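Heads up, the thing below is written out as structure tokens.
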């Protein structure tokens, strides 16, 4: 495969990487303008930008770029720095642009009710690829979710047993009942997903967390669950709750701390707000 095919394959696998491209050349260098090198998340490479110390520094920068998820431009002056002496007749200057290769933003929605339906619509607009999981074909179908990447119509217990979720994925639990929410959360806290959120009030959250703690799940794992899910913007309707959830996922995706509070902190110190509204939505609609 050429380097472009390998980039596509890397993203298909849900992995990260970085691509380095020589963008500017002045004078003689041991490569050529537009030369590319792909650095994968395991440190392996494809392609070359000339080898030697330059390539070693670019490799290290690429590792940092994929972690930070922000591009960077590097400048090398081969005339003035003896460490770039490769024994070749060169003495030019080059610039290398290093950009991250990120997997698709994949969202798993457990539940296919009112909140899930609106979450799917808002998340698709925001650029997420969506997989919907529910045990009811009357809800989890192509008529309701026509652009979903995948629909899994299966009991939540069986579905989670066979799912392999990449670390870059986002998981939101909005099933129609507390028992199903807890089943999925029990599975979810043992997957290193980038984002894990569960709908419900503070009271429901504490009840589920305490039960899982009694089963032996460490408090530290539960502390990183976004529950009640979504940024605190006073959301009331399923549509508004969906917006709050996607806003929180975007904040995680872009690595920013929003001015509006989120709820990813130890549940023992949470305070009530629109959290109770999430329970009200669940009970008033009969399904989320």
* **Tally of residues being modelled with pLDDT of 95 or more, under 23 Å from the mean Cα position of the chain (by Cα) and part of a loop (DSSP other than H, G, I, E, B) across the range 141-166** => 5
* Asked: Looking only at strands (runs of 3 or more DSSP E) that fall completely inside the range 91-134, which ones have 3 or more residues that are modelled with pLDDT under 95 and over 22 Å from residue 188 (Cα atoms)?
  -> 93-101
* Structure fact -> Reported set for the range 188-213 where residues are more than 13 Å from the chain's Cα centre (by Cα) and either within 30 Å of residue 67 (Cα to Cα) or without any contact (Cβ under 8 Å) to a residue 40 or more places away in the chain (or both) is 188, 189, 190, 198, 199, 207, 208, 210, 211, 212, 213
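Have a look at 123, 159 and point out the one that is under 15 Å from residue 105 (Cα atoms), crowded, with 16+ Cβ neighbours inside 10 Å and touching a residue at least 12 places away in the same chain (Cβ under 8 Å). Spell out how you get there, then give the answer.
Values: 159 fails: under 15 Å from residue 105 (Cα atoms).
Being under 15 Å from residue 105 (Cα atoms), crowded, with 16+ Cβ neighbours inside 10 Å and touching a residue at least 12 places away in the same chain (Cβ under 8 Å) holds for just one of 123, 159, which is 123.
Taking the condition in contact with a strand residue (DSSP E or B) (Cβ under 6 Å, 6 or more places away or on another chain) and within 20 Å of residue 231 (Cα to Cα), does residue 169 pass?
yes
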* Test each condition in (1) crowded, with 22+ Cβ neighbours inside 10 Å; (2) in contact with a strand residue (DSSP E or B) (Cβ under 8 Å, 6 or more places away or on another chain); (3) in the same structural domain as residue 242 (by TED's automatic domain parsing); (4) over 25 Å from residue 10 (Cα atoms) for residue 94 and report the one that comes out false. => (3)
* Asked: Scanning the range 10-47 for residues that are within 21 Å of residue 64 (Cα to Cα) and out of contact with any strand residue (DSSP E or B) (no Cβ under 8 Å at 6 or more places or on another chain), which turns out surrounded by the most Cβ atoms within 10 Å (Cβ to Cβ)?
  -> 13
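The values are calculated or read from the model by the stated rules, or taken from the named source; none is laboratory data. Bear in mind the structure is a predicted one, so any value in this text is a computation, not a measurement. Every residue, glycine among them, receives a Cβ derived from its backbone with ideal geometry; neighbour counts consider all protein chains shown.
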